[in-house]
1. Name the pairs: first residue in the stretch 193-212 and assigned by TED's automatic domain parsing to the domain that holds D246 and more than 12 Å from G153 (Cβ to Cβ), second residue within 13 Å of the ligand (Cβ to nearest atom) and in a strand (DSSP E or B), Cβ to Cβ under 7 Å, at least 6 apart or on different chains?
2. Is there a residue being at pLDDT 95 or above, among the hydroxyl-bearing types (S, T, Y) and either farther than 24 Å from A30 by Cα or surrounded by fewer than 23 Cβ atoms within 10 Å (Cβ to Cβ) (or both) anywhere in the stretch 61-82?
3. Go through (1) touching a residue at least 40 places away in the same chain (Cβ under 8 Å); (2) under 28 Å from F254 (Cα atoms); (3) outside any helix (DSSP H, G or I) for V32 and report which single condition fails.
4. Looking only at the stretch 159-193, count every residue that is aromatic (F, W, Y) and crowded, with 21+ Cβ neighbours inside 10 Å and tell me the total.
5. Of everything in the stretch 20-68 that's touching a Pro at 6+ places or on another chain (Cβ under 8 Å) and within 15 Å of the ligand (Cβ to nearest atom), which residue is farthest from E177 (Cα to Cα)?
6. Filtering the stretch 230-240 down to residues that are in a helix (DSSP H, G or I) and without any contact (Cβ under 8 Å) to a residue 24 or more places away in the chain, which residue is surrounded by the most Cβ atoms within 10 Å (Cβ to Cβ)?
7. Filter the stretch 39-50 down to residues that are surrounded by fewer than 22 Cβ atoms within 10 Å (Cβ to Cβ) and either assigned by TED's automatic domain parsing to the domain that holds A169 or farther than 11 Å from T132 by Cα (or both), then give me how many there are.
8. Go through (1) more than 15 Å from the ligand (Cβ to nearest atom); (2) closer than 30 Å to S172 by Cβ; (3) in a helix (DSSP H, G or I); (4) of a type outside the set (S, T, N, Q) for I10 and report which single condition fails.
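The values are calculated or read from the model by the stated rules, or taken from the named source; none is laboratory data. Being a predicted model, the structure only gives us computed values, none of them experimental. Neighbour counts run over all protein chains shown; Cβ positions are idealised from the backbone, glycine included.
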Amino acid sequence: MQELEFIDWIQGRSNFDATKVPVGPGDDCAIVRLGDNDLLVTTDQLLDGVHINLAEHGPRAAGRKVIARSLSDIASMAAVPLAAVATATLPRGFGESDAQELYRGMREIADEYHCPLVGGDVASWDGPLCLTSTIFGRRAGVTGGVEPALRSGAQVGDAICVTGVLGGAWKSTRHLEFKPRIAEAIELAICCRLRAMIDISDSLARDLQHICTASGVGAEINAADLPLNPDLADDEPAAIKAALHDGEDYELLFTVPQAWARKLCDRQPLATHITRIGTIIDATGLTLINPDGSRSELEPIGWEHGT
Ligand SMILES: [Mg+2]
């Protein structure tokens, strides 16, 4: 079974009271109403051999990454992390010092983002290392006035923008050391008219498809405008392919009205660079405008678990 088909199957069976659960499965976080505020919640797994190579990267990096992935989901909603809980299923015989390193990795990133690690569970088995993290968040703003950004708000004519550079994260340590864009996302939500947002975990093409499906729109991407990873600069076609399909960039992908995109790109208000890469269109699916001006279908290929 494919991951997305299974999520669709689950969504088809969800019957929440929208006054209590405004956002259920299918966005980066679920939203549960809590008095006058919203409680956001997201959960992620990290499996040795799937999301990390424990023998190569070590337990500290594994602990950091599982928490950072959930913080990135909180960022994609333009929300503030409140607290984290985590679980670790350790391979039998996992050493005490390695277990402590795992915890240190979780704590360092949680502390950096003012997200206390408040509980969890530890077990052992004969399989590989499995970690999970669950993070709770709240609306940003002193009085919680910043609306969470959803995948479903993109409108025809919006500009499509990304933060940072894309591609090749797995060929470096970027997929381990990325900084969840919490502050940048909140800044965007406060300073401009943010319509839709997601963090790039699966791949640019695949995560853009998530926005388009949720919003009922299509998109065209200009390959020549992609912020390519400079480490891949000696082979432009390969760098473009990596930017579109590699995933694990954990950058913000968002849509805003055209006028706001111009202002953002002129003023560059964030600590990281913003690049406009395309336009939301009235269509189905994704189109790539190649560097020579020709157009081709952009397949939403990227990281998919369960394949
Ligand atoms: Mg996400």
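1. D199/L252; I200/L253; L204/L253; D207/I198; D207/L253; L208/L253; H210/I198
2. So far as the stretch 61-82 goes, no, none of its residues is at pLDDT 95 or above, among the hydroxyl-bearing types (S, T, Y) and either farther than 24 Å from A30 by Cα or surrounded by fewer than 23 Cβ atoms within 10 Å (Cβ to Cβ) (or both).
3. (1)
4. Count: 1.
5. Within the stretch 20-68, the match that is farthest from E177 (Cα to Cα) is V23.
6. A238
7. Looking only at the stretch 39-50, we keep the residues that are surrounded by fewer than 22 Cβ atoms within 10 Å (Cβ to Cβ), and these are 39, 41, 43-45, 47-50.
From what's left, either assigned by TED's automatic domain parsing to the domain that holds A169 or farther than 11 Å from T132 by Cα (or both): 39, 41, 48-50.
Total satisfying the criteria: 5.
8. Every condition holds for I10 apart from (2).
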